[in-house]
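Comments concern the structure below.
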4 protein chains.
Amino acid sequence: MERIKTAIVGASGYTGQELLRLLLVHPQVELVAATSRQEAGKPLSAVFPRFRKLPGAELPFIEPDPDAIAATGAQAAFLALPHGVAAEIATALLERGLKVIDLSADFRLSDAAIYEEFYGHAHPAPALLDEAVYGLPEVREDAIKAARLIASPGCYPTSIILPLVPLLKAGLIDPETIVANSLSGVSGAGRKADISLLFVECNESVRAYGIPKHRHLSEIEQELSLAAGEKVTITFIPHLIPVNAGIATTITAKLRGGVDAAKVGEALEAAYSEAPFVRLLGKGGCADTKNVTRTNFIDIGWHHDSRTGRVILTSAEDNLGKGAGSQAVQSFNIIFGLPQTAGLQTA
Amino acid sequence: MERIKTAIVGASGYTGQELLRLLLVHPQVELVAATSRQEAGKPLSAVFPRFRKLPGAELPFIEPDPDAIAATGAQAAFLALPHGVAAEIATALLERGLKVIDLSADFRLSDAAIYEEFYGHAHPAPALLDEAVYGLPEVREDAIKAARLIASPGCYPTSIILPLVPLLKAGLIDPETIVANSLSGVSGAGRKADISLLFVECNESVRAYGIPKHRHLSEIEQELSLAAGEKVTITFIPHLIPVNAGIATTITAKLRGGVDAAKVGEALEAAYSEAPFVRLLGKGGCADTKNVTRTNFIDIGWHHDSRTGRVILTSAEDNLGKGAGSQAVQSFNIIFGLPQTAGLQTA
Amino acid sequence: MERIKTAIVGASGYTGQELLRLLLVHPQVELVAATSRQEAGKPLSAVFPRFRKLPGAELPFIEPDPDAIAATGAQAAFLALPHGVAAEIATALLERGLKVIDLSADFRLSDAAIYEEFYGHAHPAPALLDEAVYGLPEVREDAIKAARLIASPGCYPTSIILPLVPLLKAGLIDPETIVANSLSGVSGAGRKADISLLFVECNESVRAYGIPKHRHLSEIEQELSLAAGEKVTITFIPHLIPVNAGIATTITAKLRGGVDAAKVGEALEAAYSEAPFVRLLGKGGCADTKNVTRTNFIDIGWHHDSRTGRVILTSAEDNLGKGAGSQAVQSFNIIFGLPQTAGLQTA
Amino acid sequence: MERIKTAIVGASGYTGQELLRLLLVHPQVELVAATSRQEAGKPLSAVFPRFRKLPGAELPFIEPDPDAIAATGAQAAFLALPHGVAAEIATALLERGLKVIDLSADFRLSDAAIYEEFYGHAHPAPALLDEAVYGLPEVREDAIKAARLIASPGCYPTSIILPLVPLLKAGLIDPETIVANSLSGVSGAGRKADISLLFVECNESVRAYGIPKHRHLSEIEQELSLAAGEKVTITFIPHLIPVNAGIATTITAKLRGGVDAAKVGEALEAAYSEAPFVRLLGKGGCADTKNVTRTNFIDIGWHHDSRTGRVILTSAEDNLGKGAGSQAVQSFNIIFGLPQTAGLQTA
């Protein structure tokens, strides 16, 4: 089978680097373009010495010009760009016939008004919102198969939505009681020169931030509402912890009156036992980020707190993996008819 | 003023080491005894090279024998022993006229039945429970002044009780909705040879554990119930994060109907503005462990999540400091009529 | 092509875990046995949750019994066992017709007397020493091709030998002036319950250890002497640093009188420009462990200190990768006629 | 005794923060001024929340204006400024009658030509070079007593000079064979927004840098030459390791012909047994940074590598402590006739 010609637009941040890491060795992919304004002209290996002597690592970064990207013959492009910027280039690449997998927030919300509320500016390409598919393969594989434009989910949202969707669909928990605490590695904050992200500032430090209305709440609540069939509003508290990568999320919610706690395990099993990248730890299992870093897995465990009537869900994923890069590749695999696990079956 | 002769019983673990660190240089203390079964005979400096060339560091560890401790003229003893073991030696030292500040769980619960429920064995000295004072200086300074036996609080409980007590006393929040997520440094797990505590197992890892019924819940709920004037049952989820020391706690609870969120800030101010070791970060402040490690401070911030009607409290303390060793010294200072800050005013 | 049936003997330590990580997804390998005395009966995935849902992860650990291993049809076995123990099972597996790649120190030294000097006991299988091949593919690929028994090199030795061999062969440096300082991640100390390896003891700590006569000196000096054509004795100082994995080595040596420093770069280029897993950073390049972790690469840079007449070499590798597991797989690939990069081309 | 009015000029970097930490609680110091161009007007506690509720923490930062500083009545000023900038303000403060303890490199070298060679610009105040005293209390306490201007040593130099001076003075080692490898925590690189200092870039990474001619070589060689009575040129290799603070240095040198290795221990004992902040670990001791962080101690151990005739010295200090802030306070104590340990006796 011929390799699929693929581009990465915005490949010099942490998400771009993760996409490079995955696509340089993906057996069905030929990386034909990687863009970076500030690194244009340099080979990938000069910017990321980790990739030296891998096939393809001498490809030079180019400017993010849609025509230049299309001229490489690319059939698909991953966008790892800031929100606002991504929409514009997505539009241009779709016009040139590429499939677009956008890892920014630009196409994740179906409602342009909510986008404006949470991101502080008008939506840059509202005409595309109807078409964009929120790229959670475990929730809407069929829509992904048929999509031209994937809005790949955020890191926090993935870790919160996947554990909750089966419970909300089955009506097991009271949506008004949902509280999600997430602990994220520092790569989630991006590769930018900022005093607060220095080693000395983050090491031996833990702190909550971005409360009470983190931007990711918008897509979290959109997806939870779809699952629940009613509007869901939750409390979400992200924290920064001194690890490079990984998100651990702990969710609490009250079981609905009369619900047998065992139904929680059954709902999770029914939803995910066949999913190649969701690993259920069962009742009493606690997810640990060290088991998922640099993979596309998300681990989910649960407990019943019978003293308070709450269910406690824990999930762990790599914020750059299932929370960003590898999940986008999973959607790519689905779009191009590859096994979901192509290029992602590593430990 | 003459220095107060003081002993540390069980000085070879992390809490004992923190007590040594504080008491070796406390200006009103003369450390006269430090016990350790396994290190008896060795000078402190041989076991903890960090203390070499400090005054007192050549004191040899002795066996934890009550008569030998009393023979040193010690007026007070700090116990940093496992629960179950502490009660026995506490009894013996009280009989010999020492003030006892116990950092184990043995005297924290006023109800021996709850002790048995959470610790799995009968209480070893139930006759002392009435007399023991739960040593939270910000909550019961007067009782501490008069006490012979202090039950110094646990690390998680301190980080949860202090933020909540003023809110519960004022009736601002619904006790049934309280959820506390705590993130603790690895020293909280003790200095024991255990594969799960190895550097390689903990570094680049985050995980919840001990849910849904961690032992510390018993003292947390006791104190919250006292403050609320009704039985309080909460959900508590501890997590292990890769830092040496520090606990960050995030608490959510629904405001009671009709309560103005500003009352939260007022209640905290009224309770703690004069407290030398509680630092209020105000509305919108997020507590960060890096500001409190190796101090006796606890930082507390809060947010109002108006979308859900919840208040979000964040606190940060050093689990070995305000969560253990230095809080015990704070009680000691109160008992002996010293300023609360004696020996504790460091950054 | 049929997959090569392969066993891992001693698969529950960090090296064993790394071999599992590599071989479970190696495209030309079928893992047919993994042994562990303490975990026998449990599936790999229960001991290492990281491997759940990978193909082969439900294989149960078995006891390290040579007949049982041979009965699986294994054609090759990797031994990740303590020295002394490895020799015995290597002998038994060779008798049963398996190729053996031993990652212990048992077959690394050609002289049983030096083994006894450094390891403190008589060599357990001296008859095999002649046949064993020291498995550094960049130095003796041909011997590896023909070998039944590979002694895969130690982590520190690999990081020291590879940079020095070309310089010694070319007579560029004075062997009497060689000093090697190595900084190793904590996984190099093994997965054992030991207070000194706890997170709290290692984090925020750096220390030299094992001087002046670390066991690895024996194989380092054996290989350097072979390259130099004379007996070489060096000073080697290992350090423990708070990272999970990675070794950074810095070597200094005086250039021989009249040697043009540029010859250093030429010798390295001549030796390694075609080597798939050696990456030369050139003059002025400093190797960084973050570029090699979880790969089989070793990066090598060099400087000329013209003020003192010394050359400074820096190398970086993953102590569990090129320093242990993946280097063993590289030898395996050579023995079985696979490309050296089979199963190892990842970033 | 009245407290000594003291200023810190340039108090918003890591060294300034360490000086604040020490001087805010120094029993003989009254902090009367702290300067920072970018933070002027804000109280110390707003920039460094760690200091809240300490006495003096509400002092506002002021602009670094010599007249304003002098107007506070300050008798002494610590300068934690970049080289080049420090000299100018030092001159102005000396003219206004203050004692100056400069932590920059500006007055460390007695030869302005060497300053220009290593720092790349002409010396900004060569007239003061004769008067400035290189502030190593263990080497020149008497000169410090009488000084108006202290050039407080660099972090790497302290860790290298103190172990070597007694050996060079006694003629025990061959100066031409000295190689020093130092491993430094990230705070040594300063508090500046730089991608290479981000948590994600430094964590799980180790790398050498700044070879072969790091700026600190100039003062190291100046002091070693003074001790040896001849010009000494060494090889020095700094490394960055993922800890917040601490420098571990390993030095190798050949013993001179006929020198009994025991003389090494004797020379160290003779020099430092009475020094309050040098702790000798003896033969076979390896210094560990975890024992010295946040103190003014330097630990020194040594080994004899009889196989090669080398002595191996290991030292550990806090780069911000004995390597910067607390060592400057030690000089301050000497100048003002206080015990060397005043305000520094902590663990």
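Pairs of Cα atoms under 8 Å, at least six residues apart: use those to get the relative contact order of the stretch D:1-151, whole percent.
19
Nearest 10 degrees, 0 to 90: what angle lies between the long axis of helix D:14-23 and the longest principal axis of chain D (Cα atoms)? With both axes taken from Cα atoms, the answer is about 70 degrees. In terms of surrounding Cβ atoms within a 10 Å radius of their Cβ, C:SER12, A:SER159, D:SER152 rank from fewest to most as C:SER12, D:SER152, A:SER159. Each label was represented as a point 7 Å from its Cα along the Cα-to-Cβ direction; for D:ALA112 and C:GLU116 these points are 6.9 nm apart. Would you mind getting the Kirkwood hydrodynamic radius of chain D from its Cα pairs, rounded to one decimal in Å? Taking every pair of different Cα atoms in chain D, averaging 1/r and inverting gives 20.4 Å. Just to be sure I understand: with springs between alpha-carbon atoms less than 10 Å apart, which residue in B:HIS214, B:HIS303, B:HIS121 has the highest mean-square fluctuation in the Gaussian network model of chain B? Residue with maximal mean-square fluctuation among B:HIS214, B:HIS303, B:HIS121: B:HIS121. In terms of overall dimensions, the C-alpha atoms belonging to the stretch A:26-156 reach 45, 31, 31 Å along their principal axes, ordered largest to smallest.
Among DSSP bridges having both ends in the protein assembly as shown, what percentage is antiparallel? Round to the nearest 5. Within the protein assembly as shown, antiparallel bridges account for around 45 percent of the total. Build a GNM of chain A with springs between Cα atoms under 10 Å apart, and of A:SER225, A:SER104, A:SER331 the one that fluctuates most is A:SER225.
Please figure out what share of the DSSP beta bridges in the stretch B:156-317 is antiparallel and state it in percent, rounded to the nearest 5.
Restricted to the stretch B:156-317, the bridges split so that about 70 percent are antiparallel.
Kirkwood analysis of the Cα pair distances in the stretch D:156-317 returns a hydrodynamic radius of 16.2 Å.
Charged side chains reduced to their Cβ positions (Lys and Arg at +1, Asp and Glu at -1) give the stretch B:16-120 a dipole of some 660 debye around its Cα centre. If only the Cβ of Lys and Arg carry +1 and only the Cβ of Asp and Glu carry -1, the dipole of the stretch B:156-317 around its Cα centre is close to 160 debye. For the pair B:GLU2 and B:ALA270, a Förster radius of 51 Å applied to the C-beta separation gives a FRET efficiency near 0.85, rounded to the nearest 0.05. Taking other residues whose beta carbon is less than 12 angstrom from the beta carbon of B:GLN75, and scoring Lys, Arg as +1 and Asp, Glu as -1, yields +3. Here the Karplus curve 6.51 cos²θ - 1.76 cosθ + 1.60, taken at θ = phi - 60°, turns the phi angles of the stretch C:241-249 into couplings of 10, x, 10, 5, 9, x, 10, 10, 10 Hz, with x standing for Gly and Pro. Here, P(r) means the percent of Cα pairs in each 10 Å bin from 0 to the largest distance; for the protein assembly as shown it is 2, 8, 16, 20, 21, 18, 11, 4, 0.
When shorter helices are ignored and each DSSP H run of at least 4 residues is given -39500 (n - 2.57), the per-residue value for chain C at 222 nm works out to -8500 deg cm²/dmol. If both residues of a DSSP beta bridge must be in chain D, then about 45% of such bridges are antiparallel.
Summarising the label geometry, the points placed 7 Å from Cα in the beta-carbon direction at B:ASP130 and A:LYS169 lie 6.0 nm from one another. Pairs exceeding 29 Å between alpha-carbon atoms, taken from B:LYS145/B:LYS192; C:LYS53/C:LYS322; D:LYS145/D:LYS322; D:LYS169/D:LYS283; B:LYS254/D:LYS53; D:LYS42/D:LYS192: B:LYS145/B:LYS192; B:LYS254/D:LYS53. Considering only D:ALA7, D:PRO55, D:ALA33, and ranking their Cα positions along the charge dipole of chain D that arises from unit charges at the beta-carbon of Lys, Arg, Asp and Glu, the one farthest toward the positive end is D:PRO55. In degrees from 0 to 90, rounded to the nearest 10, what is the angle of the helix D:217-228 Cα long axis to the longest principal axis of chain D? The answer is roughly 60 degrees.
Given +1 at the Cβ of Lys and Arg, -1 at the Cβ of Asp and Glu and no other charges, the dipole of the protein assembly as shown around its Cα centre is 0 debye to the nearest 20.
Just want the ordering: D:THR308, B:THR295, from fewest to most Cβ atoms lying within 10 Å of their own Cβ.
By the 10 Å Cβ count, ascending, the order reads D:THR308, B:THR295.
Ordered by the count of other Cβ atoms within 10 Å of each Cβ, fewest first, C:SER110, B:SER306, A:SER315 give B:SER306, C:SER110, A:SER315.
Between B:TYR209 and B:ALA46, residue separation times 0.36 nm minus the direct Cα-Cα distance comes to 55.2 nm. Taking the C-alpha atoms only, the angle from helix D:155-169 to the longest principal axis of chain D is near 40 degrees. Note on the stretch D:156-317: dipole from Cβ charges, positive end direction compared against D:ASN296, D:ILE312, D:LEU197; the farthest Cα belongs to D:LEU197.
Normalising the average separation of contacting C-alpha pairs (under 8 angstrom, six or more residues apart) by the number of residues puts the relative contact order of the stretch C:156-317 at 29 percent. Using C-alpha pairs under 8 Å with a sequence gap of at least 6, the mean separation divided by the residue count of chain D gives a relative contact order of 17 percent.
Taking the Cβ of A:GLU88 as the center, what net charge do the other residues with Cβ under 13 Å away carry, scoring Lys and Arg +1 and Asp and Glu -1?
Summing Lys and Arg as +1 and Asp and Glu as -1 gives -4.
Overall size of the stretch D:42-115 from C-alpha positions, given as principal axis extents largest first: 47, 25, 17 Å.
No value in this document is a laboratory result; all are computed from the given coordinates. Predicted, not measured: the structure shown is a model, and the values here were computed from it. Note: ideal-geometry Cβ built from the backbone for every residue, glycine included; neighbour counts use all protein chains shown.
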